[in-house]
Amino acid sequence: MKNRNSGFTSIECVISLSILCIIVYIVSVSLYNNYYILSNNISKTEMDNLAKSILHYTKDDIRKKGIITDYIDTETINGYKVERIIEKDKNYYKCYKVTIEIKKNEIIRKLESYVLQQ
C-alpha cells in the first residue's frame, strides 16, 4: 500500500474556507448597508408626509381664517421639530409665503409654497 500525503487537501480546505468567509463578510456588509438606507428612507418619507400635511392645513387656515401678520411657529411632532414660517409677500395683494421646515438629528426637509387669501 502506498502512503498518501493529505497536505494538499488540507490546503484546499483552508483556501475554500477563507473564500467562503470573504463572501459571507461581503454579503453581511451589503445587507447592513441596505438596512441602514431603508431605515433612513422611512424617516425621510415620514418627514415629507408630515410636511405636506402641515402645509395643506396651514394653507387652508390662511384661505379660510385669514392672517394679518407674519409669524413663526415651532413645535415638536412625533420627535420631529417642525418650524412653520408665514410671511406676507409685499409684491402681491393677500399673498403669503408658507415655509415648513422639519428637522430630526441632521436631516432637514423644507417645503415652500405660496397661497392667496380669499
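The values are calculated or read from the model by the stated rules, or taken from the named source; none is laboratory data. All values derive from a computational prediction rather than experimental measurement. Don't worry about glycine lacking a Cβ; one is built from the backbone with ideal geometry, like all the others, and counts go over all protein chains shown. Quick note on the areas: whole protein, heavy atoms, side chains included, nothing else; ligands and nucleic acids left out. Shrake-Rupley method; radii C 1.70, N 1.55, O 1.52, S 1.80 Å.
Observations on the model:
- Our coupling estimate for the range 81-96, obtained by passing each phi through the Karplus curve with A = 6.51, B = -1.76, C = 1.60 and θ = phi - 60°, is 8, 10, 10, 10, 10, 10, 10, 7, 7, 6, 7, 10, 7, 6, 10, 10 Hz, Gly and Pro reported as x.
- Electrostatic dipole magnitude of the chain [Cβ: Lys, Arg +1; Asp, Glu -1; Cα centre; debye, to 20]: 180 debye
- Net charge of neighbours whose Cβ lies under 15 Å from the Cβ of Glu112, counting Lys and Arg as +1 and Asp and Glu as -1: +1
- Ranked from largest, the principal axis spans of the Cα set of the chain equal 105, 25, 18 Å.
- Among the protein heavy atoms of the chain, carbon and sulfur supply 57% of the accessible surface, probe 1.4 Å, non-protein parts ignored.
- Mean residue ellipticity at 222 nm, helices only, the chain: -18500 deg cm²/dmol; runs of at least 4 DSSP H residues each add -39,500 (n - 2.57), and the sum is divided by the number of residues.
- Integer Hz, Karplus 6.51/-1.76/1.60 couplings in order for the range 104-109, x for Gly and Pro: 8, 6, 10, 8, 10, 10
- The chain - accessible surface per residue (Å², probe 1.4 Å): 79 Å²
- Across the chain, the longest piece that holds none of the trypsin sites (Lys or Arg not before Pro) lying in DSSP loops with up to 16 other C-beta atoms within 10 Å covers 5-64.
- Gain in span if fully extended, Asp89 to Leu17, counting 0.36 nm per residue against the direct Cα distance: 19.0 nm
- Using C-alpha pairs below 8 Å separated by at least 6 residues, the relative contact order for the chain is 20 percent.
- Links that overshoot a 26 Å alpha carbon limit, given the list Lys59/Lys110; Lys44/Lys65; Lys90/Lys110; Lys64/Lys88; Lys59/Lys103: Lys44/Lys65
- Inter-site label distance for Lys103 and Lys44 at 7 Å from Cα along Cβ, in nm: 2.0 nm
- Degrees separating the helix 7-64 axis from the principal Cα axis of the chain, which is the longest one: 10 degrees
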